[in-house]
1. Please work out which residue is nearest to PHE127 (Cα to Cα), limiting yourself to region 180-197 and to residues that are part of a loop (DSSP other than H, G, I, E, B) and over 43 Å from the mean Cα position of the chain (by Cα).
2. Just checking, which of PHE165, PHE151, PHE147 is surrounded by 14 or more Cβ atoms within 10 Å (Cβ to Cβ) and over 11 Å from LEU211 (Cα atoms)?
3. Pick out, from region 318-405, the helices (runs of 4 or more DSSP H) lying fully within it that include 1 or more residues that are touching a Phe, Trp or Tyr at 6+ places or on another chain (Cβ under 6 Å), at pLDDT 80 or above and over 30 Å from SER307 (Cβ atoms).
4. Listed residues MET218, MET201; which is touching a helix residue (DSSP H, G or I) at 6+ places or on another chain (Cβ under 6 Å) and either surrounded by 19 or more Cβ atoms within 10 Å (Cβ to Cβ) or within 24 Å of ALA75 (Cα to Cα) (or both)?
5. With the requirement that a residue be at pLDDT below 80 and within 16 Å of LEU366 (Cα to Cα), what does region 36-53 give you?
6. Out of ASP71, ASP92, which single residue is at pLDDT 75 or above and more than 26 Å from THR363 (Cβ to Cβ)?
7. Do any residues in region 77-96 that are farther than 20 Å from GLY129 by Cα have Cβ atoms under 8 Å from those of residues that are at pLDDT below 80 and surrounded by fewer than 16 Cβ atoms within 10 Å (Cβ to Cβ), where the two are at least six apart or on different chains, and which pairs are they?
Amino acid sequence: MRGQAQSSLRVEQSLGQLLHEALVSLRTLGKRSILALLGIVIGSSSVVALINIGHNAAVDAAMIFKDMGTDTLVAQFATKGSNTAPMRARLDLEAVRQAAPGIEHIGALTLFSGPLLFHGRTVNANFVGSTDDIKDAMRLVVREGRFLTSFDANETYAVIGDQLFQALSTPGDPLKLGDRVRINDYLFLLVGILQSQPRAMLMPVQANESLFLPAEGMRRIYATPQIGNVIIRAAPEQNMDLIAKQAAAALQTQTPNHEVAITVPQQMIDGMTRQSRTFAYLLLALGAISLVGGGVGVMNVMLMNVSERRREIGIRMALGARQRDIRNLFLLEAVTLTAVGALCGAVLGMTCAWLYAWMSGWTFALATAALPLGVGSTLLVGLFFGIYPAVSASRLQPVEALRDE
């Protein structure tokens, strides 16, 4: 009978009762629990915000190459050693196309820069001597008129980029098709106006700021024109590395005095992805350090809580509470504190990440791992740093605890 009476005192507390007691206990701690909560909020928000910032940085970097297309290659030419031989003014692009069957479009660029005049207005412009296939190789879109063709080789025709077009136009005197713009002593007839093009960082020239001329006509403004780049666009579903190798070999035979280097956008994207992943890991480590600091604060508060409630712990044990009941009570208090901090930190972290993306001019994109990793790691930190105070409370001897005043 006596054993049954003792066992009847050991009444199992429901989770709701434990949670209620945990909240009441944390409320009585006052400022100390608020300070510990603040540390957890800062740590949790740091993890969520830094993961999202790293993710958005990677997305923004990848967008730089998106408009250019991963099916585009850019060939550049550099002199070999001390060789000073000038680059050729013309290349047999059809031979390159035959050497690399996967090529769909290929064009060469001859670059120069200088002042462009129209009705007394002057702007600095890029003059691009181009072959007829450069329009499709660079994904240029004509808004008005047409682009240059092989029949325009000896004509003083030109196609103007959108930004350059806007700079030379005024409300009362807009630039339009059929007008002539002046470069040095030559007048060039506008036969096309390009649509605004997104910036492509790998392209050697920005179309919006350029005036496209027939490659053969570049001698009118530059005595010794030289091909600076070759733009290659591959057919769909092609091996870009193989095409780059074949095209480089074909171009090298035509330019023995120069080194041919071909940039493959996909390789750069892969490299930037690896770099962004490393950057994200670094940011995550910084957030984790902040989170551990918040966890130390939780442990400190819980240890003080145990110290101040020794008499209460002794009374509970005298009334039949077991060690695991005491342990679970204090552990639940620690987890409750960190859970509230995790939720507040998640909201704060998302807000900070959004503000950072907005100020940086990025398009905000939610990282799928941010919330689960941020909230989950916070709860684990609370559980880890709450175990020691909870176990310490459960190991108190009832007689010693009841002696405390």
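The values are calculated or read from the model by the stated rules, or taken from the named source; none is laboratory data. Every value quoted in this text rests on a predicted model; they were computed, and no experiment measured them. Here Cβ is always computed from backbone atoms with ideal geometry, including for glycine, and neighbour counts include all displayed protein chains.
1. In this case the residue turns out to be ASN184.
2. Of PHE165, PHE151, PHE147, the one residue that is surrounded by 14 or more Cβ atoms within 10 Å (Cβ to Cβ) and over 11 Å from LEU211 (Cα atoms) is PHE147.
3. In region 318-405, the matching helices (runs of 4 or more DSSP H) lie at 323-360.
4. So the residue among MET218, MET201 that is touching a helix residue (DSSP H, G or I) at 6+ places or on another chain (Cβ under 6 Å) and either surrounded by 19 or more Cβ atoms within 10 Å (Cβ to Cβ) or within 24 Å of ALA75 (Cα to Cα) (or both) is MET201.
5. None - no residue of region 36-53 is at pLDDT below 80 and within 16 Å of LEU366 (Cα to Cα), so the list stays empty.
6. ASP92
7. Close Cβ pairs (under 8 Å, with a partner that is at pLDDT below 80 and surrounded by fewer than 16 Cβ atoms within 10 Å (Cβ to Cβ)) amount to THR79/ALA85.
Listed here are the residues, each with its yes/no results for (1) closer than 19 Å to PHE112 by Cα; (2) hydrophobic (A, V, I, L, M, F, W, C); (3) free of Cβ contacts under 8 Å to residues at least 24 places away in the same chain.
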{"position": "LEU164", "(1), (2), (3)": "yes, yes, no"}
{"position": "PRO174", "(1), (2), (3)": "no, no, yes"}
{"position": "ILE183", "(1), (2), (3)": "yes, yes, no"}
{"position": "GLN226", "(1), (2), (3)": "yes, no, no"}
{"position": "ILE232", "(1), (2), (3)": "no, yes, no"}
